[in-house]
Each structure stands twice: as structure tokens, then as C-alpha cells.
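Student: Here it is: the structure, laid out below.
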Amino acid sequence: MRIVLAIVLIVITGGLVYTLDHPISDLPAIGKLVDPINGCWANAEPTGKNFTTDLKFPALKNNTTVWLDDRLVPHIHARNDHDIYFMEGYIHASFRLWQMDMETRAAAGRVSEVVGKKAFDYDRKQRRKGMVYGAERSLQAMESDPRTKLMMDAYSEGINTYIKGLKYRDYPLEYKLMGFEPEPWTNIKSALLLKYMADDLTGSTNDIPLSYLREILSPEMLRLLYPETIAGSATVIPAGTKFDKPSLAIPVAPKDSTFPHFTTKDFKEAKEDGIGSNNWALAGSRTKNGAAILCNDPHLGLHLPSLWYEVQLQSPGMNVYGATLSGAPGVIIGFNDSVSWGFTNNYRDVKDYYLIKKVDDDGSKYWFDGKQMSYTKRLETIIIKNELTYVDTVNYTTHGPVIYDRQFPAEGGLKKPLAMCWMGHKATNELLAVYLMNRATDYESWVDGILNFQCPAQNMVYADRKGNIALWGQGQFINKWKDQGKYIMDGSRSATKWGDLIPMRENPHILNPAQGYVASANQCVTDASYPYLYNGDFIEFRSWRINQVLSKTQNASIEDMFALQNDTYSTLAASTLPVMLKNLSGDFSTTEKAYIEQLKKWDYQLKADGAEGALFQIWWYFLYNRTWSGFSNVPALFYPLPERTMQLILEADSGKTNIPQLAHLNVLMKLSFKEAMDSVAKASNSGLAWYKVKNTTVKHLTNLPAFSYDHLKIGGWGNTVNAAKSNHGPSWRMVVQMGKEIEAYGVYPGGQSGNPGSKYYADFLPKWVEGKYNKLIFLPNADTQTNTNLIYTWTAHQ
Amino acid sequence: MRLLIFIILIAILSAIAEMSFPWWVIAIIPFVAGIFINKKGGASFIAGFAGIALFWLVAVLIKDIPNEHILSRKMATIFKLPNYGLLILVVTVLGGLIGGLAAWAGSLLRKVN
């Protein structure tokens, strides 16, 4: 009997151990995870941890020192270029390894390898977009320049040195939760990360929607609702700026129609709503201190671990501080001891679609100028966890990869073969721009640097200690004919192909304008006098507000700049609400009357706890949708911009409109107000407050609520300077005063450590929510430091 | 008194073993101990349970207290538990259960011999 019981017990214990040692569907192996020595508890970082350490790396050329300040920002002091990037890689990996791994997997379409088939469609789209193809081409460019080759090699070496020293117990927590392991870093991963940013910033394009709208709207209506530029745009390069004569002739559009017609009426591409950013610089004539001030807040997806990681890098000839991308060497946005710079996205269209005419019954050829051309085939191998590996053949045409076809229809079901022609496929070396900017000593050397920055195109703002300010609409653009690439083009003719590259020195730019400031916020780049033709996806509200404030700013202090970055004044509300209220009449309940009175007294600030902001935004939502729903079968995703809608409502109020829904504003206002009141009633159960309605959330990359923060008490919206939306927002607010002493402030919605078990995981988040800043410690380039905020030291010996 | 010594012995041996072996040594050590310890099934179970529970509880607290429960709070949320205290209790009991069952099985083998 005993032996039977013994066997039963052994089986039970063994079964229990086996079960807990293996993942069950999406759950990790629980036993491994809760093991107090090697499991999740090993990631519980003591809050008083002493980070000071001695390291030994034979790969270093000289001894290297890292001082960590009280916010865990590393200040790295190296004696040569190799060592500085080696240490940057080592440090990125030390604090952000899992994030770097996941982001490069996301770029490369390798997420299915670790999460299984649920990521398969995502991975397949990444492959078909040519992400890996583009990264491979850029890597060639980066590795053929000795400066960027050294940068990447040393950086990868640093990361791999860190990875080699890891035992399971040291793995970032997310590896333990997801059940996979770090793999060695290679240079292609850094190239992929940069392509990931390029895709994020040039990814959305209106070509497909506009091709559809062209079919259903008259040309007049198309121009009225979707104008190339919004009237009254306060352009990136101030209106009236004199541009040099173009060195290239402006091409003439081919005579016969070059845009294919579509009969399917139901295709669509999910439109990514407003990834925006702000930057501006004030000349000394407008500041209290007399020094130029530079400000930047790029708006990106709000995630933890944060996209950005703060670093100071010191080596001979370089002393730079700013925001780095973990996964790529160098400082992306920041300042050095001479110059400062910041980016916003420049929405000129650099991604076009071509309809491919296949040769019938032959899967390997397509028509081009009456000739049969063979595709270049590229095999994309997608490894899927717990499933068979999938190999996708992607056809490359003379324009680029066929992203959509019958096997992989566009969202909404367009099955015709569309090839994508994207600047991100070119062999560009943005890293060289980073290398040179980080070392720039004056305006000329900074410009020499940014001229290597080709994709994603950025509005690059500049300020230096000599008092210069500048703004460049920088990127590599094509000399296009009118409307080239605005719609899906006929891919079977060479007449539609991308032509010459515009020399980058001829990109729109301005140095020290008379107005004493420069500003960009994703608005239209130039007035009509710019000689080259372009279209794009521009938005205006934040630009209008920033220009309104800066044009009146005198004696600006750093605090004034904080206030403007955190400004929640809604230009949309200020312009539209009076008209909405004026045209609103009818019988209202006591509560509704009280709301109307509240709105009449409102200062148009979308404050976090304000009820008026919630009332207005909800009402506007219904007004906007009511205006366009049912209008000529325009699908909701392609409704005209709110900017344009606002202008059309104002025009309708003054008596002229072609839009049927706007002909009777009183009806429209009443119906939309009543609709809004139903939602307001629901929202007011928990106290009507704007931040509760919009729910700004900073999510961990796994979407685990336990590692995320929601309902953050922050004001603003996409149409205000403080563009804190539901899951997008200011990802790095920076203000730098370029005086004799550089005074710099910054904050991002996260923390320096990627470890959810660290007190440094999201410690900047409360400050970011409240609009407060960290003072950035910018150390002199020296072997020893006296700053008392430096509390830990890493000494790395050869 | 001897039971207490066994408990501490199992706890210490398991802790040393887990430094370099996977977590399931918390089944192996009590199992082997069960074979050699001259105790009845019930007492062996108690020795194994208490030994591993003691080891895991102390090891967790050594990590959790200096961490000020930052991680345990989040992990409790992931496991849908109301607070970190309960998470620690569950982990302790889980470890203890495996240790206890293994020790009991070991003790039965000895009697067979």
C-alpha cells in the first residue's frame, strides 16, 4: 500500500512541478516566475540600491567613468569615440534591454517569434512594407562611413558585453513574464530602430483615402473640403521668406490622366490621427536674459518604458546632453556646449502608392511602359511561436515592394496590387546627422550635420550661444510635378515614377528672421512662393496658438516657456464655441441651461479638472460627426480636418455655405447639443472633469495594466499646445536657454529605469502630469566632477 | 526539537541549491531528506512544508522589504490578488506544498526499504 501511496505522491508532486515549470497558453511558467531567488523577486530593486560599481571591460581603449545623478541620468566621460558609444550601449542595455529588444522586433516584424500567431498579421505587414529591406540598405550606408561604422560597432559591442554577463535571474522582468531570452545585438537592430521611427513619423499617408474621395466628390468639393493648405496657416518658414531660385526645373505633370480609377468603393486605410509635435526658438531680443531659448516637445505614443532615455556624453571634441533612443547610439534631441536643436515632424508626403498592372497568368511579371518586367522576389521568413514557420514572398517592383494584393488586402479590402515607394527604403544615414549634430560648434557645422538627415523629414529648430536661431524643413524630397503622389498612381508608366532628388540645401529654411522667433507644430511648411511643389498632411491648431503667443512675447523667461508648453488654450473652442452658442436655441432642462451658462463664461482652457472642456469636446464631437455623417458617402475615417470644418462652420454662420448640413446651423447645433447631453449625463456620474473623459494613459509595452498608469490628471488635447491625448502626447518636454551658462530643463512621462520593480521606473510621470520640469545637470567636459547631485560612479577599467 | 532541525536543514540546503539550480530543487531536497529523516509521513510533510515555506518566505521578504513592495504590488495585480501580502502568502504556501508533498513521498520510500 505504501508503495502505491508513494507513487501517487510522486506523481502528484511531479505533475505540480511540471505544470508550474511550463507556460500554459498565455501564462508564464508560474514556478519559475515566483521563485524567490531567480524569478520575479530578483527584479525587486532595493529602493536604496547603491549603483556605484567597478567594471572591467577589456574592449575599452581607455578607462571610462560614468557618474549617475540623483535621477539616475548617466553622465559618461570617455577618452575616445569608441569608448563613449561602447558605454552608451552598455548603459542602454543595463536599463532598457527588453524594450530595445521588443522595439527592434516590432520594427523587423519579429513579434510572432515571442508572442505567437496573434502578432502574425502585424509582422507580415512590417515585412511587406519593406522595413527590413530599408534597414539593410541604410545599414550599408551607415557602415560605409567610418564615423558611423565605429559608432554602431562600439555601441553593439557595449550591449553584447552586458548581455553576456546575464544569468536568467538578471533578465528584465518582461523576459520572465513572456518566456523568452535576450539575443545578441547586431548593427542591423539599430538600423531597424531608426526605420521604426521613420515609419512612425511618415507612416500615415492620405494617398489611399484621397484616391477614394476623388471618385466620389466633385473637384470643387474636393478642393473645398480637402484643400492642399489650410487658409491662414502660420507656416513653418514665415510667410514672405525669400527662397533661392531652384536649381532644378519644376517638372510638368504628364498630359494624360496618370491616376488610376477605382471602382471598389469600400477600401480604406486606418488614418493615424495626428502624431504631432511643437518646437520653437526665441531670439535674445525677445527673452529676459538676452540669450536665445529653444523649446521642443515631440508628441509620440505614450509608453513605458519610455521611448526616451536621458544621457550626457563626453569625449574629446564632444559634450552633449539630451534624449537618446535606447537601441541607437548618440543623442537625438538635445544640446551641446555650443548649440541646441529639436525636432517636429514635417508632414511632406514621402510615401506614395502605385497600382501595379500584373501580366495575366504570370505571377512573376508586371507591365511597365508596355514591357514585361520581372519582380525581384524577397523571401520573408516569419517564425511563429508554437506554430509552423511562414515564408512570405514579397514582390519588389521598380517603384518598391508590393505591399497589398489579393493575398494581403489593404484594411477595408482593396485587393488590387499596390506598390509602395517610400523614402525610408533609400540607403540613408541619419546616424551621421546625429554624429555631426552632437559635435556641432556653430550654425554652419550644425547645418552640415542635418543635411545627412533624409527620412523621416523633420522641422529642425536651432539655437546657439551666439544668439542665432534657425528652422529647417529638413529631409530628402523629390522634385515632383503638381499632385504627383497625392493619389495612388498608375504604376505601369515611367511618367509617374519619382524623379530627381531636390538638393537638400534648397530645403525651406530661415536663419534669424525679423520676427525674432521661429516655430513649428506640424503645420504647412511654406507659403506658395516656395518654388518646389509638395503636398502633405498638415495640421494647424497648435501652430496658430504658438504663433499667437510668441508674436506677443517680450522678455520671455524660462517659466514662460514652461507655461506655453503646458498651455491648454483651445483655438478650436475659442473660434467655434461662440458660433455654436449663438446658433443654439430651444427648450432646455435646468441642468442643460446651467451647462450653457458655464460654457458662455469659459476661458477656452482645456484644464484637467474643468467641466467646460469636457462639455465643449463632447459637443464638438457630435457636431463634427453630424456635419459629415452621410455627406456624399465620405467614410468617417476620411472626414475633413477639424480645422477645415471649423472654417466652414464660421463661413456658414456668415451666410455662405455649399454643405447641406451647414445650411441650417440652428438645427445642427440643437441636435448635436442634445446628443452631447446624453453622453455628458453618463460622464457626469463620476463628476464631470475633462481628464476623466479623455483618459490619458501611459501604457507598458505589454499592455499589462499593472505596469501602466491611466486617468492621469492632465489637461489639453490634440488641438492644444499641451497635446496630451488618450495615448499620445508630449514625449519629451525640453527648454534650453543658450546663455553664457546653459540652463536646461526637461521631463518625459516615465523614468530612467525600464524595470517595473525599480523606483526609477515612472518617477518623472507625476512631474510631467503637473507640468513641472527637472533641471538638467550639464557637466563640464572634465575628468573629475564636483557637482553634488552626482551620487553614484561607475569606473570602467580596461 | 529534531523536527525543527530538519526544517532548518531543508530550508538551508534548498536555499543553497536554488542559487545554482532551477526552482524545482525545492521538490528534490525535501524528497531526499524525506528518505533519510526518520519521521512518519505526517511529520515529514510538516518538515518539508515548513522548510520550503520558511526558505521562500524569508527569501521573498529579503527582496520585498528593501523594495518597499513596488514590485510585489504590481505582481499581485497581475495575479488578480487584492494586495501584496496575499501574493506573498500564496507564494509561500505554494512552495511549502511542493516541499511537503515531496518530503512525504520520500518518507514512504524509506519505509518500503
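A short reminder: the numbers here are calculations on the coordinates, not readings from a lab. In this text the structure is predicted, and so the values were computed from the model without any measurement. In this analysis, Cβ positions are derived from the backbone assuming ideal geometry, glycine residues included, and neighbour counts consider all displayed protein chains.
Student: Residue separation times 0.36 nm, minus the C-alpha to C-alpha distance between A:E215 and A:S494: what's the value?
Tutor: 98.1 nm
Student: So if we plug the beta-carbon distance of A:T590 and A:K692 into 1/(1 + (r/R0)^6) with R0 = 25 Å, what FRET efficiency do we get, rounded to 0.05?
Tutor: About 0.60, to the nearest 0.05.
Student: Next up: Does chain A classify as rounded, prolate or oblate by the C-alpha gyration tensor (a ≥ b ≥ c root eigenvalues; a/c under 1.5 gives rounded; else a/b over b/c gives prolate, otherwise oblate)? Can you show the working numbers first?
Tutor: Working: a/c = 1.28, a/b = 1.23, b/c = 1.04.
Here chain A falls in the rounded category.
Student: Please list, ordered by chain and number, the residues whose modelled amide H lies under 5 Å from the amide H of A:M489; skip anything fewer than 5 residues away on the same chain.
Tutor: For A:M489, the qualifying residues are A:Y353, A:Y354, A:L355.
Student: Across the stretch A:720-735, in residue order, what do the Karplus-derived ³J(HN,Hα) couplings come to in whole Hz, using 6.51 cos²θ - 1.76 cosθ + 1.60 with θ = phi - 60° and x for Gly and Pro?
Tutor: In residue order, the calculated couplings are 10, 4, 7, 8, 7, 9, 5, 9, 10, x, x, 8, 7, 8, 9, 10 Hz.
Student: Using only Cα atoms, locate the centre of the stretch B:1-45 and the centre of the stretch A:33-92, then give the distance between them in Å, rounded to an integer.
Tutor: Between the Cα centres of the stretch B:1-45 and the stretch A:33-92 lies a distance of 38 Å.
Student: Hey, another quick one. What are the trypsin sites (Lys or Arg not before Pro) within the stretch A:484-584 that DSSP puts in a loop, where the Cβ has at most 13 other Cβ atoms within 10 Å?
Tutor: Qualifying residues, ordered by number: A:K552.
Student: Can you list the residues, at least 5 places off or on another chain, whose amide H is less than 5 Å from the amide H of A:L533, using H built in the peptide plane?
Tutor: Here A:K480 satisfy the definition.
Student: Could you run the Karplus curve 6.51 cos²θ - 1.76 cosθ + 1.60 with θ = phi - 60° over the stretch A:577-584 and give me ³J(HN,Hα) per residue in whole Hz, x for Gly and Pro?
Tutor: Using θ = phi - 60°, the values come out as 4, x, 5, 4, 5, 4, 8, 9 Hz.
Student: Modelling each spin label as a point 7 Å along the Cα-to-Cβ direction, I'd like the A:A239/A:L5 distance in nm, to one decimal.
Tutor: 9.4 nm
Student: Given H placed on each backbone N at 1.01 Å, which residues far from A:K759 in sequence or on other chains put an amide H within less than 5 Å of it?
Tutor: none
Student: What FRET efficiency would be calculated for the residue pair A:A706, A:D70, taking the C-beta separation as r and a Förster radius of 22 Å, to the nearest 0.05?
Tutor: Efficiency computed from Cβ-Cβ geometry: 0.25.
Student: Could you give the nm distance between label points at B:K80 and A:R406, where each point is 7 Å from its Cα heading toward the beta carbon?
Tutor: Each label point is offset 7 Å from its Cα along the Cβ direction, giving 4.5 nm.
Student: Taking loop as defined by DSSP and a crowding limit of 11 other beta carbons within 10 Å, which GluC sites (Glu not before Pro) in the stretch A:348-454 fit?
Tutor: Numbers: sites: A:E380, A:E387, A:E411, A:E430, A:E444; in loops: A:E387, A:E411.
Passing both the DSSP loop test and the Cβ count: no residue.
Student: Which order do A:D101, A:D490, A:D783 fall in if you start with the one that has the fewest other Cβ atoms within 10 Å?
Tutor: A:D783, A:D490, A:D101
Student: Lys pairs in the stretch A:571-694, Cα-Cα under 13 Å, at least 8 apart or on separate chains: how many?
Tutor: 8
Student: Sticking with this one: Go through the stretch A:83-98 residue by residue and turn each phi into a ³J(HN,Hα) via Karplus (6.51, -1.76, 1.60, θ = phi - 60°); whole Hz please, and just put x for glycine and proline.
Tutor: Karplus values, whole Hz, x for Gly and Pro: 5, 5, 7, 4, 5, 4, x, 4, 6, 3, 5, 4, 10, 9, 4, 5.
Student: Set the Förster distance to 60 Å, then compute FRET efficiency between A:I24 and A:N50 from the Cβ-Cβ distance, nearest 0.05.
Tutor: Working: r = 39 Å, r/R0 = 0.65.
Once rounded, the FRET efficiency stands at 0.95.
Student: Expressed as cubic angstrom per residue, what is the convex hull volume of the alpha carbon set of the stretch A:272-381?
Tutor: 260 Å³
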